[in-house]
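Take a look at the structure set out below.
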Amino acid sequence: MNEPKLLYIAGSMIERDALKARLEAEGIDVVSPKRDISRKYTESTVDLSYGGYSAIFDGFKIFVEEKTFEKSKEILDSFSENLKPALEPDKKVSYLKKFHYFSVASVFVPLVPLLFGIYYFYKGIKNKEKPRLVYTLFSFILYLPQIAFFNLGVEKLKDFGFL
């Protein structure tokens, strides 16, 4: 390869390898310095670059020949377009759904899920989400023992003069 030109800096080994394979499939020579921080300690390889991401250094550089740079740039644009749907969230997060999940979690771990649940219920109503009657009633039923227990604890603290 003569006179390599920097085409792209990938953020992960996976992205680098995918783009490199795509370019090579189109007949373009690609050079990418080995910067993988992986070592074979046991039967499996241990990846020390934070799950394949470039947390330690400035990415994985991909070079192509200057004569194929324009064609490579077009392939890179197509490659990037194909990645966009995978990176975009599918739908809006429902606060009331989180409220329901935290009501179930509150059975196992008291108080903290109760506080988060109340917060998400407030956010859901504020965002004008339509509550599902059965789920909401079930969630409040799960929260009732905690609210009663919390209220009992406050009363005991008042009896002892702490509040």
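Bear in mind these aren't lab numbers, they're just calculated from the coordinates by the rules spelled out. Predicted model, so just to flag it, every value in this text is computed and none were measured. A quick note on method: Cβ atoms are made from the backbone with ideal geometry, for glycine too, and the neighbour counts reach across all protein chains shown.
In the neighborhood of Tyr119, defined by Cβ-to-Cβ distances under 15 Å, what is the net charge if each Lys or Arg adds +1 and each Asp or Glu adds -1?
+3
Anything over 22 Å Cα to Cα? Flag those among Lys34/Lys71; Lys98/Lys158; Lys97/Lys126; Lys126/Lys158, in the order listed.
Lys34/Lys71; Lys98/Lys158; Lys126/Lys158
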